[in-house]
1. Rank these residues by their accessible area, most exposed first, probe 1.4 Å: Met152, Met215.
2. Just the number, please: carbon plus sulfur as a percent of the accessible area of region 228-288, 1.4 Å probe, no ligands or DNA/RNA counted.
3. Could you state the accessible area per residue of region 26-85 in Å², with a 1.4 Å probe and every protein chain left in place?
4. Rounded to the nearest whole Å², what accessible area per residue is found for region 186-337 with the 1.4 Å probe?
5. Please name whichever of Ser307, Thr188, Ala289 sits farthest to the positive end of the charge dipole of region 156-307, dipole taken about the Cα centre and charges placed at Cβ: Lys and Arg +1, Asp and Glu -1.
6. Give Lys128/Lys316; Lys128/Lys226; Lys221/Lys350; Lys259/Lys316; Lys221/Lys332 a once-over and call out the pairs whose C-alpha atoms are over 30 Å from each other.
7. Would you give the gap between the C-alpha center of region 274-319 and the C-alpha center of region 191-224, rounded to a whole Å?
8. List the chymotrypsin sites (Phe, Trp or Tyr not before Pro) in region 163-270 that DSSP assigns to loop (not H, G, I, E or B) and whose Cβ has at most 15 other Cβ atoms within 10 Å. Which are they?
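The values are calculated or read from the model by the stated rules, or taken from the named source; none is laboratory data. Not measured: the values here are computed from a predicted model. Here Cβ is always computed from backbone atoms with ideal geometry, including for glycine, and neighbour counts include all displayed protein chains. Calculation scope for accessible area: heavy atoms of the full protein, side chains included, ligands and nucleic acids excluded. Shrake-Rupley method; radii C 1.70, N 1.55, O 1.52, S 1.80 Å.
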Amino acid sequence: MLQKLFRNVSQTRLIALSFALVILTGALLLCLPISCRQGEWTDFTDALFTATSATCVTGLIVFDTYTHWSLFGQLVILLMIQIGGIGLMSIITMFFIFMKKKIGLHERMLLMQSAGTMRVSGVIRLIKKIFLGTLIIEGIGAILLAFRFIPMLGIPMGIYYSIFHSISAFCNAGFDLMGYFEPFSSLTSFQTDWYFNIIIMLLIIIGGIGFLVWMDIVKFKFSFSKFQLHSKIVLITTAILLAAGFIGFLFLEQQYTLKGMSPGNQILSSLFMSVTTRTAGYNTIDLNALSPSSSLLSVILMAIGGSPGSTAGGIKTSTVALIFLTMASLTKGDNEVTFFKKRLENRLIKQAAIIIMVYGAGILLSTILICHIEQASMTNVLFETSSAIGTVGLTQGLTPTLSLFSRLLLIIMMFGGRIGAVSLLLVFREHEKQAPTSRPTEKILIG
């Protein structure tokens, strides 16, 4: 009966429900006294906010992760980060494969949407590769980070810190345990450490480019010409955004957060900011000291986010690229949008425009409401709402001070940002069979 019920639910709704189930379960576990370092019950709304942030791999927090949550609570958060990064459907599939259970067409279609792939065929093989690749990359990251953490914290704690931050960075979650040194300090104590910063940045970038791009790189090595069009667009757009962000922060912060730093540390801090605003949520500089221009640049990068089929959130790189390619085609008078001698579907252009409109509307509406409720600075609120919907986790310190209603708004933003704008709209769409009709066309003036 239950299996039949699930078969009548659309794939999009099942994915949304799976995230909601993980969030609710995590929130209930975090409420328990065993999850709190002081052995006290945690308010459900605070636990719900933390669970949403972890499952949606965001990183916005109301409590410092180390000082408030016990080891049990931290492990619950880490598990939610891992589930949110890979996807509950992928984890369930691996369990079925391990148990040698048969996976039907309905389940394969669900996995196709969950993994962000475009074909049903080979989806089980893709899930296996995603699962194995994730474990390998996170394992390598943990080993490399251990060379920093073990000398600082000893073997048991150093290994734990290495695993936690490797998973958090790869899943673009932004949760950290640096409250051991100073609460809410993120990675500021490693600001000048090139070795540590490079490892974290590589984990963020690898996690944020998407599973399909991994497959192309593994299959064709670094033969760019053989990549799928999707991979080419993602890699080019990612490189442009990283370079633009780096140059922007390096130029705009000269009289602010970079003032007094050596040229090498200015380069490192600017590069890290460019990477982390792509939905990672870590920071090595004081975000409250950012210039207004850099705050706005951060908002733009956070809203764009990572790439489809990855651990990152946001509008996505390929969505933004498609809009710019469409603009370029219009200026040249072309009726079709082409890239690398391949034509892109008009349906994708419509979806890209809808996604940008939904994200933009979400950011503006939530900013207006929170500004009105909290009487807070528009810059700070805009920074926070963009961070939430982009599932980034960077903050200028506003989140812990917000009222219940404002936190609930951010919860909705984080959830919508993780499952995606189109998916969120499809969740509320009724499946009704309608006869195909062709309506009369009429022109209107635009622009």
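1. Met152, Met215
2. Within region 228-288, the accessible surface is 68 percent carbon and sulfur.
3. Value for region 26-85: 33 Å² per residue.
4. So region 186-337 comes to 40 Å² accessible per residue, rounded to a whole number.
5. Comparing the listed Cα positions along the dipole, Ser307 ranks first.
6. Details: Lys128/Lys316 24 Å; Lys128/Lys226 23 Å; Lys221/Lys350 33 Å; Lys259/Lys316 32 Å; Lys221/Lys332 35 Å.
Check vs 30 Å cut-off fails for Lys221/Lys350; Lys259/Lys316; Lys221/Lys332.
7. Using only Cα atoms to place each centre, the spacing works out to 17 Å.
8. Values: sites: Phe164, Phe170, Phe175, Tyr180, Phe181, Phe184, Phe190, Trp194, Tyr195, Phe196, Phe211, Trp214, Phe220, Phe222, Phe224, Phe227, Phe246, Phe249, Phe251, Tyr256; in loops: Phe175, Phe181, Phe184, Phe222, Phe227, Tyr256.
When the chymotrypsin sites (Phe, Trp or Tyr not before Pro) of region 163-270 are filtered for loop state and at most 15 Cβ neighbours within 10 Å, Phe181, Phe222 remain.
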